[in-house]
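What follows draws every value from the coordinates through simple rules; no lab data is involved. Given the structure is predicted, the values throughout are model-derived calculations rather than measurements. In this analysis, Cβ positions are derived from the backbone assuming ideal geometry, glycine residues included, and neighbour counts consider all displayed protein chains.
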């Protein structure tokens, strides 16, 4: 399946927002970014929507029941994730041994870093759902994927109401994220299906689902978070902005800027390595004896350079060779054309 430049560019925009949220936002105190918009949440939603847009189509191109898809995804995702875990579990805790003047990091550092990977659970669950539908021979059904999106939205609504009534923490955003990913898969078919009838039918399902979102999303956020001290209007606005921008990028907005496409090609490695590189930059500023605003600015610069450099290195040393190996193992030596998902 060939790469789509506008989806890579949207991933690159998400990576740029993630960098801004992690490294630059702590240096400022802009009211709008603290109360009107959550850049980190917007970046995560863009990642999830891009995943939902691509994964079902990519899985449907597998002619071996999904085995090739699993092999290629494992070879792409697992090595970088293991590298990030290795950095946080072994390299950073032993920093005083190889970096003079550095205090021993807290024992919770690894858990803090791994806890920054908020998009991974819904992505892995979405992979599982899609593989199950593929095995059952149902992944091609646009009506079933619409039903999945709406059922998961209903689950999110029920969890939000239960959270308000019981006053306990419930994973409201998990089924909501999965619902959005299934909605994104409808957008792929609406734009890239070869049959005009199938494209029109997918657009109708997507519009219907979008109207349901318009009605239900405000209720979910009002019921789930209005009793807390959280800024639920900011999160609701962020979700709305993520959906609107995704619709624009996949329809009328030609987002193909080369720097964003390049960042999009690094987005997964950057997403996994950025928290570890941020902690490493903090250790470097300690070793250099920097304090105050100088330390904050230097830490942001170090984090940016380390994250981009390590992500590019991972792409050259891990991603590209292992992607080639995955295609050889699954006998996909050439890029496949855009998937044709036949609506039923």
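What FRET efficiency comes out for the pair residue 36/residue 154, r = Cβ-Cβ distance, R0 = 35 Å, nearest 0.05? Intermediate results must be reported in sequence, preceding the final value.
Values: r = 29 Å, r/R0 = 0.82.
In this case the efficiency is close to 0.75.
Tell me, in nm to one decimal, what length is gained between residue 196 and residue 211 on full extension, where the rule is 0.36 nm per residue of separation less the Cα-Cα distance?
The residue 196-residue 211 span can extend by a further 3.1 nm.
Would you please give the FRET efficiency between residue 132 and residue 24, computed as 1/(1 + (r/R0)^6) with r the Cβ-Cβ distance and R0 = 41 Å, to the nearest 0.05?
With R0 = 41 Å, the Cβ-Cβ based efficiency is 0.50.
Could you please state, rounded to a whole Å, how far the C-alpha centre of region 148-196 is from the C-alpha centre of region 260-294?
Between the Cα centres of region 148-196 and region 260-294 lies a distance of 32 Å.
Please report the relative contact order for region 5-329, taking Cα pairs under 8 Å with a sequence separation of at least 6, and give it as a percent rounded to a whole number.
Once normalised by length, the contact order is 34 percent.
Shape call for region 165-305 from the C-alpha gyration tensor, a ≥ b ≥ c root eigenvalues: rounded (a/c under 1.5), prolate (a/b greater than b/c) or oblate? It would help to have the intermediate numbers written out before the result.
Values: a/c = 3.09, a/b = 1.47, b/c = 2.10.
Judged from the Cα gyration tensor, region 165-305 comes out oblate (a/c at least 1.5, b/c at or above a/b).
In what sequence do 73, 187 fall when counting other Cβ within 10 Å, fewest first? Intermediate results must be reported in sequence, preceding the final value.
Values: 73 18, 187 22.
With the sparsest Cβ surroundings first, the list reads 73, 187.
Ordered by packing density, taken as the mean number of other Cβ atoms within 10 Å over each peptide's residues, highest first, how do 260-269, 169-178, 46-55 rank? Mind dumping the intermediate values first?
Numbers: 260-269: 22.4, 169-178: 19.6, 46-55: 24.8.
Answer by packing, highest mean first, reads 46-55, 260-269, 169-178.
Neighbour counts of other C-beta atoms within 10 Å: give me 69, 129 arranged from fewest to most.
With the sparsest Cβ surroundings first, the list reads 129, 69.
Can you give the three extents of the C-alpha atoms in region 5-329 along their principal axes, from longest to shortest, in whole Å?
Sorted from largest, the Cα extents of region 5-329 read 65, 54, 37 Å.
Taking neighbour counts of Cβ atoms within 10 Å as a proxy for exposure, in what order, fewest first, do 243, 7, 212 appear?
Starting with the residue having the fewest Cβ neighbours, the order is 212, 243, 7.
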